[in-house]
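Novice: Structure below; questions to follow.
The values are calculated or read from the model by the stated rules, or taken from the named source; none is laboratory data. The structure displayed is predicted, hence computed values, not measured ones. Every residue, glycine as well, gets a Cβ built from its backbone with ideal geometry; the counts of neighbours run over all protein chains shown. Protein only, heavy atoms only, side chains kept; ligands, DNA and RNA dropped before computing areas. Shrake-Rupley method; radii C 1.70, N 1.55, O 1.52, S 1.80 Å.
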Amino acid sequence: MSIGNGEKPSKINNEDILDLTLRPKDWNNYIGQEALKQNLKVIIEAAKQRKEVPEHLLLYGNPGLGKTTLAHLIAQEIGTDIRITSGPAMEKAGDLAAILTNLTEGSILFVDEIHRLPRLVEECLYPAMEDFKLNLVLGRGPMARIMELNVPRFTLVGATTRLASISGPLRSRFGATFGLNFYETEDIKKILKRSSQILGIETEEEALHTIAKTSRFTPRIANHLLKRVRDFAQVRGEGKITQGISKSALAALEIDELGLTANDKRILEAVIHKFAGGPVGLKTLASATAEEEDTILDIYEPYLMRLGFIALTPRGRVATRLAFEHLGMKAPKNLF
Ligand code: ADP
């Protein structure tokens, strides 16, 4: 299980159980993203007053920022069921049909990684989103017939880490689109405080600050780090998370004071050493670092950009003066 990048584990394991235990069950415990919360509540309340299902909602943002949690809270606020699936899990139109026809009236359908829906499934989703109808093709060739099916009214909550990869026709069928921002350190501290209370861990305020600073402004990573540091506190200390324990745990995990892992540094160093600071295109950088393009786009780059270590130019990504300085190197003159 990697802890430095916020990726979701693919199988149910202890980390998933931890996610479930720590997942906020009400709006008050969903820290931060205030404007987004208020907007969502208005949309839900207005739909409730009109006795309609709320419009379809699209949530975008980095992994671990709270999109799935929000979908659960939306279902709770409406007082309805939620069905969870993901773009790549729906391989054929029939998979979508099976899910839609089994929904209860007025429920939420949460589709994670909606940008990875196969084209044919996506096209099948359009009439379902617009008119709650499914057009199924039965048979093949000249004998093929189209059967129209009504499906229960539902609200689709789509989540994506890649807004730009969502096709125009799909995007236009959402009533509202919301972006989740990286969290402020103070908000991450609040999340960590709540998590340590739930897990029954005693923590020093300073240690919470240190963990918050290294959590890439991302709640899921903050919670995972808290758990790792707790292991250290248990084995190397007396159970309490002190500043000393948190610093030595993070050092042992090779996570620096800004939350950069060895992999982030490898990307930065490649831009600096192999491409003279850039600009370098995504494909070239991916092959030079043996990383997948998607991982660079979803995991490494957003955080490095947020720290101001990498900038995107029309000719590719470049390392900034801050990046050189953070890695203890002398930045070339005339670098921005
Ligand atoms: P995403 O769907 O965007 O990948 P999740 O909703 O699965 O992210 O969030 C991952 C974990 O981070 C949750 O289980 C929860 O513990 C924590 N989390 C996310 N957002 C918040 C928040 N705003 N307040 C408190 N905890 C949060």
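Novice: Between A270, A252, A276, A262, which is without any contact (Cβ under 8 Å) to a residue 12 or more places away in the chain, among the small types (G, A, S) and at negative phi?
Specialist: Working: A270 fails: without any contact (Cβ under 8 Å) to a residue 12 or more places away in the chain; A252 fails: without any contact (Cβ under 8 Å) to a residue 12 or more places away in the chain; A276 fails: at negative phi.
Result: A262 is the single residue among A270, A252, A276, A262 that is without any contact (Cβ under 8 Å) to a residue 12 or more places away in the chain, among the small types (G, A, S) and at negative phi.
Novice: Also: Exactly one of (1) open to solvent by 10 Å² or more (accessible area, probe 1.4 Å); (2) assigned by TED's automatic domain parsing to the domain that holds E202; (3) touching a Gly at 6+ places or on another chain (Cβ under 7 Å) is unmet by E238. Its number?
Specialist: It is condition (3) that E238 fails.
Novice: Whether any residue in region 82-105 is within 16 Å of the ligand (Cβ to nearest atom), hydroxyl-bearing (S, T, Y) and open to solvent by 50 Å² or more (accessible area, probe 1.4 Å) is what I want to check.
Specialist: For region 82-105, residues within 16 Å of the ligand (Cβ to nearest atom), hydroxyl-bearing (S, T, Y) and open to solvent by 50 Å² or more (accessible area, probe 1.4 Å): absent.
Novice: Can you work out which of the residues in region 117-141 that are surrounded by 19 or more Cβ atoms within 10 Å (Cβ to Cβ) and in contact with a strand residue (DSSP E or B) (Cβ under 9 Å, 6 or more places away or on another chain) is nearest to G66 (Cα to Cα)?
Specialist: The selected residue is L117.
Novice: Among the residues of region 142-151, which ones are closer than 25 Å to E105 by Cβ and open to solvent by 100 Å² or more (accessible area, probe 1.4 Å)? Reasoning before the result, please.
Specialist: In the first step, residues of region 142-151 are kept if they are closer than 25 Å to E105 by Cβ; the result is 146-151.
Hits for region 142-151 are I146, E148, N150.
Novice: Pull up region 62-75, narrow it to residues that are more than 6 Å from the ligand (Cβ to nearest atom) and open to solvent by 10 Å² or more (accessible area, probe 1.4 Å), then point me to the one that is farthest from L226 (Cα to Cα).
Specialist: Ranking the candidates gives H72 first.
Novice: Is it fair to say K37 is within 13 Å of the ligand (Cβ to nearest atom), under 22 Å from Q197 (Cβ atoms) and part of a loop (DSSP other than H, G, I, E, B)? Spell out how you get there, then give the answer.
Specialist: Details: within 13 Å of the ligand (Cβ to nearest atom): yes; under 22 Å from Q197 (Cβ atoms): yes; part of a loop (DSSP other than H, G, I, E, B): no.
No, not satisfied.
Novice: Within region 124-164, track down each residue that is touching a residue at least 24 places away in the same chain (Cβ under 8 Å) and over 24 Å from I82 (Cβ atoms).
Specialist: Narrowing region 124-164 to residues touching a residue at least 24 places away in the same chain (Cβ under 8 Å): 124-126, 128-130, 134, 136-137, 149, 151-163.
Within region 124-164, L136, V137 meet the criteria.
Novice: Are there any helices (runs of 4 or more DSSP H) wholly within region 233-336 with 1 or more residues that are polar (S, T, N, Q), and if so which?
Specialist: Values: elements: 243-252, 262-269, 282-289, 301-306, 321-326.
Once the helices (runs of 4 or more DSSP H) in region 233-336 are filtered for at least 1 residues that are polar (S, T, N, Q), what remains is 243-252, 262-269, 282-289.
Novice: All but one of (1) more than 11 Å from the ligand (Cβ to nearest atom); (2) part of a helix (DSSP H, G or I) hold for V53; state the number of the condition that does not hold.
Specialist: Looking at each condition in turn, V53 falls short on (2).
Novice: Which residue, of S196, S215, is open to solvent by less than 30 Å² (accessible area, probe 1.4 Å), within 11 Å of the ligand (Cβ to nearest atom) and at pLDDT 95 or above?
Specialist: After applying the criteria, what remains is S215.
Novice: Looking at (1) crowded, with 23+ Cβ neighbours inside 10 Å; (2) assigned to a loop (DSSP other than H, G, I, E, B), can you tell me which one V229 breaks?
Specialist: (2)
Novice: Which ones in region 297-336 are among the polar types (S, T, N, Q), assigned by TED's automatic domain parsing to the domain that holds F275 and open to solvent by 20 Å² or more (accessible area, probe 1.4 Å)? Full working, then the answer.
Specialist: Step one: list which residues in region 297-336 are among the polar types (S, T, N, Q), which gives 313, 320, 334.
Checking the rest, the ones that are also assigned by TED's automatic domain parsing to the domain that holds F275 come to 313, 320.
Once the filter is applied, which keeps residues that are among the polar types (S, T, N, Q), assigned by TED's automatic domain parsing to the domain that holds F275 and open to solvent by 20 Å² or more (accessible area, probe 1.4 Å), region 297-336 yields only T313.
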